[in-house]
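J.: Below are the structure tokens for one structure; questions will follow.
The values are calculated or read from the model by the stated rules, or taken from the named source; none is laboratory data. Source: prediction; values computed, not measured. Please note: Cβ atoms are built from the backbone with ideal geometry, for glycine as well, and neighbour counts cover all protein chains shown. Please note that ligands, DNA and RNA were not included when accessible areas were found on the heavy atoms of the full protein model with its side chains. Shrake-Rupley method; radii C 1.70, N 1.55, O 1.52, S 1.80 Å.
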Amino acid sequence: NISRFRKLNPDFLVQIHGEEVLLPCLAPAYRAVTGKHFYSRKSDVLRISALLQYGGWYFDTDFLPIRPLSDIYRDQGNFPTDCFVTQGDWVAHRHAQAGEKSRKWIANGVIGTTPDSPFLSCVLRGILESERQGIRNWGINGPILFTELVEKFPGIVHVNAMDNWYRLQPRQRSMDAYRKIRQQKFSVESILQCVGDPLPYAMHIGMQDELEL
């Protein structure tokens, strides 16, 4: 997936960030993460550290890029804000089953932002406040926080449609499609067959903490 990001976006610098980008102010929240979905919850904090320092686009590595980033700028026009996020995937489905059908859940697997974005500053304050209160459940620094902030401050962030990123549900369907696309060497025909037309910008595979298909 990372190689495909580089191939599709030759004008962008594609970097992989590790713990070296962790900001001191976010270190307590990062170190406090334990239990289920350990890696993704650690990454919730680490991605914000990277974006606060560098800005740019953040992607979870379980996204298969399908179209170049330049297509987003062309299709969406000038973003009305300096922060870009997307509607969520299985989080929305899980809570819809629980009766929260009207709520639009926001994911944090795709973030485009400037380092000084007001929305990014709100995310930072939210993480620091959750750590201060000792709240460390799943999503408190990710989709739950992002959803609450978008509902509270809708004018400071651009929310893109779920279908452009999380088209295949449930996650087993996306993993099966990914296997097939890989077997056919990422041909356009195989992607169209599995994902449909119009093509999304990327396809979330839903690997969670799994390292192997």
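J.: If eta is 1.306 mPa s and T is 10 °C, what Stokes-Einstein diffusion coefficient results for the range 116-156, Kirkwood Rh from Cα pairs, in µm²/s?
T.: Numbers: Rh = 10.3 Å.
The estimated diffusion coefficient comes to 154 µm²/s.
J.: Run the simple label-point estimate for Phe153 and Arg136 please: 7 Å along Cα→C-beta, distance reported in nm.
T.: 2.6 nm
J.: Relative contact order of the chain, please, whole-number percent, based on alpha carbon pairs below 8 angstrom and at least 6 residues apart. Before the final figure, lay out each step's value.
T.: Working: 298 pairs, mean separation 55.8, N = 213.
Relative contact order for the chain comes out at 26 percent.
J.: Nearest 20 debye, what's the magnitude of the dipole of the range 141-204 about its Cα centre given +1 on Lys and Arg Cβ and -1 on Asp and Glu Cβ?
T.: On the way: 8 positive and 6 negative charges, 71 e Å.
My answer is approximately 340 debye.
J.: While we're looking at this one, here's another question. How far apart, in nanometres, would the label points at Arg173 and Ser121 be if each is projected 7 angstrom from Cα along the Cα-to-Cβ direction?
T.: Each label point is offset 7 Å from its Cα along the Cβ direction, giving 4.1 nm.
J.: Also: Can you tell me the FRET efficiency between Asp197 and Ala27 if r is taken as the Cβ-Cβ distance and R0 is 35 Å, rounded to the nearest 0.05?
T.: Working: r = 45 Å, r/R0 = 1.30.
Efficiency for this residue pair is about 0.15.
J.: Ranking request for peptides 40-49, 109-118: highest mean number of other beta-carbon atoms within 10 Å first, then the rest in descending order. Don't skip to the answer; put the middle values down first.
T.: Values: 40-49: 22.4, 109-118: 19.2.
Put in order of decreasing packing, that is 40-49, 109-118.
J.: Between Val188, Pro24, Tyr201, whose Cα lies farthest towards the positive end of the dipole of the chain when Lys and Arg beta carbons carry +1 and Asp and Glu beta carbons carry -1, centred on the Cα centre?
T.: Of the listed residues, the answer is Val188.
J.: Which percent, to the nearest 5, of DSSP beta bridges fully inside the chain are antiparallel?
T.: Of all bridge pairs located within the chain, approximately 80 percent are antiparallel.
J.: Leaving out ligands and nucleic acids, and using a 1.4 Å probe, what accessible area per residue does the chain come to in Å²? Working shown, then result.
T.: On the way: 11130 Å² over 213 residues.
Roughly 52 Å² per residue, with all protein chains present.
J.: Could you tally the net charge around Pro198, taking each other residue with its Cβ under 11 Å from the Cβ of Pro198, Lys/Arg +1 and Asp/Glu -1?
T.: Working: positive: Arg67, Arg167; negative: Asp71, Asp75, Asp163, Asp197.
Taking every other residue near Pro198 into account, the sum is -2.
J.: Full-extension gain between Gln15 and Leu128, please, as 0.36 nm times their residue separation minus the C-alpha to C-alpha distance.
T.: Values: separation 113, 0.36 × 113 = 40.68 nm, distance 2.57 nm.
Using 0.36 nm per residue and subtracting the Cα-Cα distance, I get 38.1 nm.
J.: Heavy atoms only, probe 1.4 Å: what % of the accessible area of the chain goes to carbon and sulfur, would you let me know?
T.: On the way: 5880 of 11130 Å².
Accessible surface attributable to carbon and sulfur in the chain totals 53 percent.
J.: While we're on this one: With the contact rule set at Cα under 8 Å and sequence spacing of 6 or more, what percent relative contact order holds for the range 123-200? Can you show the working numbers first?
T.: Numbers: 31 pairs, mean separation 17.3, N = 78.
Taking the mean separation of contacting Cα pairs over the length of the range 123-200, I get 22 percent.
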